Amino acid sequence: TDFATFYGTYAKAKSLQLGQGGAVNPNLVINGAYLGGSELKEIGIKSSQMGGRLFMSLAGYKQRRSYLATPPTGVATVSGVQTKGIEGELRWLVTPSFGLTATGSYQKTRQDPTAGSGTFVTLPSCLSNVACEDGYGGYIYTLSNFFGLTDGYTLRSSPKYLGSLFATYDVKGKF
């Protein structure tokens, strides 16, 4: 049967702030910052057509989450990000053995100024009032809120646009 369903999601969670190797930093336990929070708000539509052979979904979301930032100084701090985006998926079962899937998303991620103590920023020495030749090969690590970025800033470490297209083929009972 064909259908279309509108939905909404609201979720809050807490998880351990884990470092390399899955360890909890003892300083975070002492400070009570070992649990990081996340919040997700999402609305969307899902649809199944052509007797279940065609599936489509489209959703908009807003997420806030914390993460453990450990700069080269080794002092772990809890930071956070806010992400807004749109994502979609299209799956088509062309034959009982052959299927096509396409996905796409757009997202914008910003450093969350309300979470933790800010995000660590890495700068080449010549952008931080140290002559390039004096700081050759060196970097300056500092908290973003020291630079007046207390309103947050857009992170460039995550792509804005993502997409995929792939096919699957089932050789009945062989693979």
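The values are calculated or read from the model by the stated rules, or taken from the named source; none is laboratory data. Not measured: the values here are computed from a predicted model. Please note: Cβ atoms are built from the backbone with ideal geometry, for glycine as well, and neighbour counts cover all protein chains shown. Accessible surface is based on the protein model in full, side chains and every heavy atom, while ligands, DNA and RNA are left aside. Shrake-Rupley method; radii C 1.70, N 1.55, O 1.52, S 1.80 Å.
Okay, here's what the table says:
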item: First in the range 101-122 and at positive phi, second anywhere and at pLDDT below 65 and open to solvent by 50 Å² or more (accessible area, probe 1.4 Å), Cβ under 6 Å, 6 or more apart; result: Gly118/Asn145
item: Answer residue from the range 42-91, given it is open to solvent by less than 70 Å² (accessible area, probe 1.4 Å) and among the β-branched types (Val, Ile, Thr) and is modelled with the highest pLDDT among those; result: Ile45
item: Residue in the range 28-41 that is closer than 30 Å to Thr1 by Cα, at pLDDT 75 or above and open to solvent by 50 Å² or more (accessible area, probe 1.4 Å) present; result: yes
item: Residue within the range 9-18 that is open to solvent by 90 Å² or more (accessible area, probe 1.4 Å) and within 30 Å of Thr95 (Cβ to Cβ) present; result: no
